[in-house]
Amino acid sequence: MVQLMNGTLQEKQFQISIEEIYRAKVRLRSVAEHTPLMHNLSLSEQYGCNLFLKREDLQVVRSYKIRGAFNKMATLPKEVLDRGVVCASAGNHAQGVAFACYKMGVKGKIFMPSVTPKQKISKVKLFGKEQVEVVLVGDTYDDAFFEAKKYAENNQKTIIHPFNDERTIEGQGVVGLEILEDAKVPIDYLFSPIGGGGLISGVGSVFKQMSPQTQIIGVEPEGAPAMKVALERGEVVKLDHIDPFVDGAAVKKVGDINFKVCQTVVDDIILVPEGKVCTTILDLYNGEGIVVEPAGALSIAALDFYSDKIKGKNVVCIVSGGNNDITRTEEIRERSLLYEGLKHYFVIRFPQRAGALREFLNNVLGPTDDITRFEYGKKNSKGSGAALVGIELQSKNDYAALIQRMDNNNVNYQQLNGDPMLFDWIV
């Protein structure tokens, strides 16, 4: 967690005009849903606060991105729209642009990372129909944006930027207006995910002008802390490497406009490990019946890191999107188990003799320990052979006892969870 310096926040006071955000609200009336601000009883009890979820996952495109995309396109001259538009997106902005293209009869070319979940690609084509063409390129949003920008420049087309554009930010800011319209109590804390910074720039601008006592808490994935690093250094920086798992919030570089706004409106930034995000996704589905994508879970996943401060307070978490691909479920579960300390991988050298594995099962595994992965092949006549073993525990507190039994029984093992290269290859 990074506590931003008050002095830094006072150096530059740049916010998005509240009047322009209200104009965006008018433009969006026939396109974007006024999503509910829902009190959540179980989360309120869990954290000892009065907690509300702003359900942007209930938009027609299952994320808030339709707001900024449509607002930007609705303010472009007809001759510009007639030439067609271009965008780059990891998924949700693409759906917003595609929907806007179909509603407005505008041709659009949409560049997406080649690793984008199929569910999001299919939705883009569904919403845009014959008006849009999808191009898959690169491994990250930044790769896709590079190609989109080059194409737009070479073909005199306008880019609909997902975050670094005031018109886009104004559209996202309508989320903040709706929260304040629906809230029956003053909001003490608002948690918002951060990718490039469009949503928190818009919502933060609304709150700092209309509810200045509210603390604006930004949430980034630990593997892509672009805004946190920028605010710490006092300038926009490009990260060398990011973890793309939280695809809706994983960017190497935030927007210049968004950075300036966040210097003014963001009070704190929390980094959430990707594994914690996965645990939150599963908890929301199993406990609340809410389907969220990784970026959509960020604001709720951050609550554990702020639990002492929010007790007794009125809290809003923006659920930014629900475009989760069911094919990712096993990976999400795996990452959650690893983060929670419930799954561990080892290379174990078993004696190449009859009964060696049975001895391990009888003497080393605890009564609730479960082998979930076992790969072994006898390749030579040596006295021992290596096996890859994945063990799932019922409680993370069982791990110490497992290791103690291995040591007591002279098991020849190597732990893999702490070896990033081997671990990434396995998982």
Counting only residues 5 or more places away or on other chains, whose amide H sits under 5 Å from the amide H of Val254 once H atoms are built in the peptide plane?
Val237
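Distance cut-off 31 Å, Cα to Cα: go down the list Lys65/Lys252; Lys238/Lys343; Lys118/Lys208; Lys228/Lys313; Lys109/Lys343; Lys103/Lys313 and report the pairs above it.
On the way: Lys65/Lys252 19 Å; Lys238/Lys343 34 Å; Lys118/Lys208 38 Å; Lys228/Lys313 25 Å; Lys109/Lys343 43 Å; Lys103/Lys313 41 Å.
Those over the limit are Lys238/Lys343; Lys118/Lys208; Lys109/Lys343; Lys103/Lys313.
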Go through 396-403, 144-151, 271-278 and give me the packing order, highest mean Cβ count within 10 Å leading.
271-278, 144-151, 396-403
Any chance you could list P(r) for segment 89-142, counting all Cα-Cα pairs in 10 angstrom bins from zero, rounded to whole %?
31, 56, 13, 0
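What percent does the relative contact order of segment 65-159 come to when contacts are Cα pairs within less than 8 Å and at least six residues apart?
31 percent.
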Quick one: Karplus J couplings for segment 403-415, per residue in order, coefficients 6.51, -1.76, 1.60, θ = phi - 60°, nearest Hz, x for Gly and Pro?
5, 4, 5, 4, 5, 5, 9, 6, 6, 8, 9, 9, 7
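Relative contact order, percent, of segment 177-269 when contacts are C-alpha pairs under 8 Å separated by at least 6 residues?
After rounding, I find 34 percent.
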Could you order peptides 127-139, 252-264 by the average number of other Cβ atoms within 10 Å of their residues, highest first?
252-264, 127-139
Under 5 Å from the placed amide H of Gly196, counting only residues 5+ away or on other chains, we find none
Karplus-derived HN-Hα couplings along segment 184-189 (A = 6.51, B = -1.76, C = 1.60, θ = phi - 60°), whole Hz, x at Gly and Pro:
9, 9, x, 8, 8, 9
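Considering just Cα atoms, how many Å³ per residue does the convex hull of segment 242-308 enclose?
Details: hull volume 6.8 nm³, N = 67.
Residue-normalised Cα hull volume stands at 102 Å³.
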Residue-normalised 222 nm signal for the chain, counting each DSSP H run of n ≥ 4 as -39,500 (n - 2.57), nearest 500 deg cm²/dmol, is -12500 deg cm²/dmol
Taking amide hydrogens as modeled 1.01 Å from N in the peptide plane, which residues meet the under 5 Å criterion relative to Val134, leaving out close sequence neighbours?
Ile110
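Peptides 314-321, 220-227, 92-99, 37-44: what's the order by average Cβ count within 10 Å, highest mean first? Before the final figure, lay out the partial values.
Working: 314-321: 26.5, 220-227: 24.2, 92-99: 30.8, 37-44: 15.5.
Ranking the peptides 314-321, 220-227, 92-99, 37-44 by packing returns 92-99, 314-321, 220-227, 37-44.
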Convex hull of segment 1-138 built on C-alpha atoms - directionally averaged projected area, nm²
12.1
Using θ = phi - 60° and the Karplus relation 6.51 cos²θ - 1.76 cosθ + 1.60, list the HN-Hα couplings for segment 258-272 in order, rounded to whole Hz, with x at every Gly or Pro.
4, 4, 5, 5, 5, 4, 8, 9, 8, 8, 7, 10, 10, 9, 10
Counting only DSSP beta bridges with both partners in the chain, the antiparallel fraction in percent, to the nearest 5, comes to 45
Which angle between 0 and 90 degrees, to the nearest 10, do you get for helix 118-128 versus the longest principal axis of the chain when only C-alpha atoms count?
20
Descending principal axes extents, the chain, alpha-carbon based, whole Å:
78, 51, 39
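Report relative contact order for the chain in percent, whole number only (criteria: Cα-Cα under 8 Å, sequence separation at least 6).
Numbers: 888 pairs, mean separation 71.1, N = 427.
Relative contact order for the chain comes out at 17 percent.
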Over the residues of segment 65-159, compute the C-alpha Rg and express it relative to 2.2 N^0.38 Å.
0.96
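Bear in mind that the values in this text are calculations on the coordinates, not laboratory data. Being a predicted model, the structure only gives us computed values, none of them experimental. Heads up, the Cβs are rebuilt from the backbone with ideal geometry, glycines too, and the neighbour counts pull from every protein chain shown.
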